[in-house]
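Coordinate-derived values only; no laboratory data. Quick caveat: nothing in here was measured; it's all calculated off a predicted structure. Reconstructed Cβ throughout: ideal geometry from the backbone, glycine too, with neighbour counts over all protein chains shown.
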Amino acid sequence: MPKIRRLPETLVNRIAAGEVVERPASALKELLENAIDSGASRILVSIVEGGLESVQITDDGCGMTPDEMTLALERHATSKLPDEAIEQVSTLGFRGEALPSIGSVSRLTVESRPKDAEQGWRRVVDHGVIVEEGPAALPPGTRVRVENLFAKIPARRKFLRTPRSEYAACQDVVKRLAMARPDIGFTFEHGGRRIFAVQAGESTESRVAQIVARELADNGVSIELERPAGEGIMRLTGVAGLPTYNRGIADHQYLFVNGRPVKDRLLTGAVRGAYADMLARDRHAVLALFLDIPFGEVDVNVHPAKTEVRFRDAAAVRGFIVSGLRQALSTGDRRSAQAPDTGAMGRWQAEPMQEEAAPALRSIFAGRDWTAPSASHVAEPRAPWGHDADTMAAPYGRAEAAEALPENAEQYPLGIARGQVANTYIVAESADGLVLVDQHAAHERIVLERLRAAGAGDKVAASQALLMPEVVEMDEPACDRLEEQIDHFATLGLVIERFGPGAMLVRALPGTLKRADPAKLLVDLADDLAKHGASLLLGEKIEHVLATMACHGSVRAGRTLNVAEMNALLREMEATPRSGQCNHGRPTWIKLSMEDVEKLFGRH
């Protein structure tokens, strides 16, 4: 058996680095937390090539003396634990491994000057070896630069991703910490170009809206709730987006525990539970939640990267978050109720009703006349029980003059349209029963099959050029994902191009989606690519993209259809593969046989 031996210090640091430093964003997180804990009021973060070439953080905090800098570069040396009560830690970092671990796998330059010192001090560590040390000229504070991460460890270097992917990860780290501390000003630069800057002293709501999305200020509700927990108070604050303001992926959910950004399954499960009956299963809420809990009720030392936590009473924390979110969404603002897309409804209602089926709904049976029959004149009904007709509730359903079933009704499995309920469901009569159709779900499937057919092979789908190209502002990683798929989108009829670092220009929409909202379409496409782009083959990615495009191009729930349009939709369903379910696995229609109907009324 080999003898037990003590590992060299450099190897010990590299092993610790494997726990703490996974990629440039990991090193950035550790250094940025140190800057925050130093009492800084302004922090500048500058990276090059997504952090692969360099990461630099400059703060105006308390600074370090030469002796303190020597200790800071040793393992398990920290100023953040004044005593041995590790469960009472109130700082972001406290393990004392970040600087020596980063210095063992990169070229690390640390420059610092205390506020009462005449000059600063500089030390350079190259992959665990001190190569330079001496005085440095800089204002009070600390400047740390990490260069050539894993340059001498090719086994680790080859697992790093592209500069774009690493940049997106770094940006996410800065965003989360900037939201956690609205009292500190942050500036983030990439390759010498300023990405964003926020001023110190802002409110939490203002800081979150600036970083997450400006629309959140008008589409969110504030949360502020307290409850006893152990020997203290548990407090929940933040901003929660309305259910109608949602995203296709959950990457816009920012969760904090005692000011520390975390990615915890308990918390994400609580958010999902709070929105369970207000969002579709494939949509996710947009929010930033800040949970402050007594130190004795939470363990933050579960994971070396400190992104996971463990609660003493997990059930109480989950219930507190669910009830707090539901209370804010139900009583804080009437807009929290799920509602149809009012913008889309306005566009449909502004158009004159056509007497023939819209081109997108015409049946493949071109020889049939789908014009609506003229309705016979009916005298205005007299209101019963002495009430005025003006005060009676509007009918919930709508029916038009009936069309006789054809003699060969068997060729129409979905029957003939008889009316529309709630401007969402089509009621049809077939030869042997009653059919109810979800118009949006059904047309969504039809549009998806058309897009699939248009994208098959080498042919290019028809486009509808916009009269005025539309600029859609998005964050830079989202634009990067869309830019990589520009050529394939063009084959589907969607013509877009990059319009600066944080915007895309839409020149044409697919002919099938000519009524879609370009901004919403691009946001959902970018979300789909972020959710599926890293793990799926190209064919599977395109399937998800097509499903998202089909949703935007389909008839919305809430649009009034005339009989001709309803019948045309039914005929298209009969001729479309897989039309029995929508793109999300829900049924598009259900059928009650005459026998079932008679049973409901006790006639059978």
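Kindly list the residues of the range 156-200 that lie in the label zone of Val471, defined by a backbone N under 18 Å from the point 7 Å along the Cα-to-C-beta vector. Only 194-196 fall inside the zone, counting backbone N under 18 Å. Of the peptides 223-230, 289-296, the order by per-residue mean of other Cβ atoms within 10 Å, starting with the highest, comes out as 289-296, 223-230. Between Thr491 and Asp172, the modelled labels are 2.9 nm apart [label points 7 Å from Cα along Cα→Cβ]. In this structure, the pairs whose alpha-carbon distance is over 24 Å, taken from Lys175/Lys263; Lys29/Lys263; Lys175/Lys531; Lys263/Lys520, are Lys263/Lys520. As a calculated quantity, the FRET efficiency between Glu215 and Leu436 at R0 = 56 Å, using C-beta atoms, amounts to about 0.95. Tell me the net charge near Asp183. Cut-off is 13 Å between Cβ atoms, Asp183 excluded, with +1 for each Lys or Arg and -1 for each Asp or Glu. Computed value for this residue: +2.
In a fully extended conformation the segment linking Ala155 and Ala462 would gain 105.7 nm over its present Cα-Cα distance, using 0.36 nm per residue.
Multiplying the residue separation of Gln199 and Ala453 by 0.36 nm and subtracting their alpha-carbon distance yields 86.3 nm. Could you give log10 I(q)/I(0) at q = 0.16, 0.19, 0.24 Å⁻¹ for the range 168-251, computed by the Debye formula over C-alpha point scatterers of equal weight, without solvent? The Cα Debye sum returns log10 ratios of -0.75, -0.96, -1.22. Sorted on the mean count of surrounding Cβ atoms within 10 Å across their residues, most packed first, peptides 40-51, 126-137 read 40-51, 126-137. Considering only Pro243, Phe188, Val221, and ranking their Cα positions along the charge dipole of the range 171-248 that arises from unit charges at the beta-carbon of Lys, Arg, Asp and Glu, the one farthest toward the positive end is Phe188.
What FRET efficiency, computed as 1/(1 + (r/R0)^6) with R0 = 35 Å and r the Cβ-Cβ distance, is obtained for Leu592 and Lys520, rounded to the nearest 0.05? With R0 = 35 Å, the Cβ-Cβ based efficiency is 0.50. Kirkwood radius and radius of gyration were both taken over the C-alpha atoms of the range 204-336, and their ratio Rg/Rh is 0.95. Spin-label model, Arg75/Thr307: points 7 Å from Cα along the beta carbon direction are separated by 2.3 nm.
In sequence order, the range 593-600 has phi-based couplings of 5, 4, 5, 5, 5, 5, 5, 4 Hz under the Karplus curve 6.51 cos²θ - 1.76 cosθ + 1.60, θ = phi - 60°, and Gly or Pro positions carry x. Between Ala117 and Val421, the FRET efficiency from the beta-carbon distance, with R0 = 56 Å, is close to 0.15.
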